[in-house]
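The values are calculated or read from the model by the stated rules, or taken from the named source; none is laboratory data. A quick note: this is a predicted structure, and the numbers were derived from the prediction, not measured. Cβ atoms come from the backbone with ideal geometry, glycine included; neighbour counts cover every protein chain shown. Surface areas here come from the heavy atoms of the whole protein model, side chains and all, with no ligands, DNA or RNA. Shrake-Rupley method; radii C 1.70, N 1.55, O 1.52, S 1.80 Å.
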Amino acid sequence: MDHDDAAARADGLCRLRAARRRAGLYRAGGGGGGMKILYFNPDRGVPVLGDKGASVHVRSFVTAAARLGHEVVLACATAGSGNPSPPARLIELPVRTDDARLRAEAMVRGLPGTAIDDPVVRRELARLAHDRGVRLALIAQLRRIGFQPDLVYERHALFSRAGVRIATHFGVPRLLEVNAPLIEEQARFRDLRLIDVARRAQAASYRRANVVIAVSEAVAQHVTGVRGNAAHVYVLPNGADLSRYRAGGDGAALRARLGIGAAPVIGFIGSFKPWHGVDFLFDVFATLARSRPDARLIAVGDGPDLAALRARAEQLDCAGRIILPGRVPHDDIADWLAVMDVTVAPYHDQQDFYFSPLKIVESLAAGRPVVAPGIGQIASLIAPEVTGILYPPGDAAACEAALRMLIDQPARRLRMGEAARRAAAVWDWTAVVARALALAPLRQRELVQ
């Protein structure tokens, strides 16, 4: 047992009596009224008021919980800006990065003080130091506002164990939402030095959750592998705010502003990161545009690949027909979807595809058929030839043929769009959150030995 395990265990033992006293917690939708929910998002990379898909996810979940009659306190490492706050009391507990704090954390980890000179280690020590101190800071804030949670709902973050200790302190159940195998993702796409520390924290977080909610089957399999069994691991894909998209956006005004008239528009909304495949979409569009010069491609979003793709857009034969507006506020996404006739989720082929693409669900809710590779959870989100078209991963010709068909056959495209809108009803955020909260046990179980 390492020092973090010992601290959690000691805290757990002194709080078990509180857990037993709190035997009358409400189930979501039960007759006892709403719960007091502490939504805990310790990931500094997910600003809750930002435009990232993860940020939208947090706000949407909290908003839906409030609609269901629950009182929510949203505690986060980064509040961010750009969008209105969801209906919750927001507590920001920022990650501190001063040298003295990081050197102290390095000593705890058996590292020399010079370890903080490595920017990757420095970032990881900052997360670990924050995780160590956030429990007491948050409990003090909750005590100050008189908030005693009935449930902790946590968004899993790298190096995070604090949620275990917070739920144990209050003697309440903890639901853990896992959106990705973060250790593998960090090691593959960024950098990770303290991988053993990260693995121990991940195992403690997964195993000591009363319920784990995974956003895809692939993520559920990952969690099950770490926990050692599939008990209390459930799959709930991302949702969409159907009221926002059913009302429709102002596509006519935006088309006029963009100067594209009635041109057929192929759309992408998402992140400009290597695995999202926007470069692949550019290749496909360049081929399609040779025979359909009236077509336009609008790719909305931001990310590390945006600058290179903007430069490439000017070099292609279809220069001037690709529109890259960058990041836009999430409140404006409905307008951009209203401009698009069909959307594409052009992910590159990945054997371990684990995403639950939020933008696919939003596109379907807006009545836009989606063209995407038949990989991972995507194959269960799109009904082939009914709400969209699935193509073999990496097959540019098949993707181009699907887009051409949808552009050339507007009546068929509209029928598919209406079917997509109807199918999206199962992903309404309010229904998704109600299902998630209904999984909460009536009391906290004792910590895993």
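Inspect segment 409-424 for any residue being open to solvent by 20 Å² or more (accessible area, probe 1.4 Å), in contact with a helix residue (DSSP H, G or I) (Cβ under 8 Å, 6 or more places away or on another chain), of a type outside the set (Lys, Arg) and at pLDDT below 90 and give the result as yes or no. Within segment 409-424 (the criterion being open to solvent by 20 Å² or more (accessible area, probe 1.4 Å), in contact with a helix residue (DSSP H, G or I) (Cβ under 8 Å, 6 or more places away or on another chain), of a type outside the set (Lys, Arg) and at pLDDT below 90), the answer is no, since none of the residues qualifies. Listed by position, the strands (runs of 3 or more DSSP E) inside segment 311-427 whose residues that are free of Cβ contacts under 8 Å to residues at least 60 places away in the same chain number at least 1 are 322-326, 370-373, 388-391. Scanning segment 31-63 for residues that are surrounded by fewer than 24 Cβ atoms within 10 Å (Cβ to Cβ) and part of a helix (DSSP H, G or I) yields a count of 8. Quick one: in segment 247-267, of everything that is out of contact with any helix residue (DSSP H, G or I) (no Cβ under 7 Å at 6 or more places or on another chain) and open to solvent by 60 Å² or more (accessible area, probe 1.4 Å), which residue is nearest to Glu362 (Cα to Cα)? Among them, the one singled out is Ala247.
As a summary of the residue check, Asp118 satisfies the conditions (1) touching a helix residue (DSSP H, G or I) at 6+ places or on another chain (Cβ under 8 Å); (2) of a type outside the set (Lys, Arg); (3) closer than 24 Å to Ala198 by Cβ except for the one numbered (1). Could you grab me the full set of residues in segment 207-228 that are in a helix (DSSP H, G or I) and in contact with a helix residue (DSSP H, G or I) (Cβ under 6 Å, 6 or more places away or on another chain)? Passing the criteria: Arg207, Val223, Val226, Arg227. Phe355 meets the conditions (1) of a type in the set (Phe, Trp, Tyr); (2) within 19 Å of the chain's Cα centre (by Cα); (3) surrounded by fewer than 23 Cβ atoms within 10 Å (Cβ to Cβ) in every case but one. The failed one is (3). For segment 125-147, which positions are touching a Phe, Trp or Tyr at 6+ places or on another chain (Cβ under 7 Å) and either surrounded by fewer than 20 Cβ atoms within 10 Å (Cβ to Cβ) or within 20 Å of Arg190 (Cα to Cα) (or both)? Of everything in segment 125-147, those that are touching a Phe, Trp or Tyr at 6+ places or on another chain (Cβ under 7 Å) and either surrounded by fewer than 20 Cβ atoms within 10 Å (Cβ to Cβ) or within 20 Å of Arg190 (Cα to Cα) (or both) turn out to be Arg127, Leu128. Scoring Val339 on the criteria (1) of a type in the set (A, V, I, L, M, F, W, C); (2) touching a Phe, Trp or Tyr at 6+ places or on another chain (Cβ under 9 Å); (3) under 29 Å from Arg244 (Cα atoms) leaves a single failure, condition (2).
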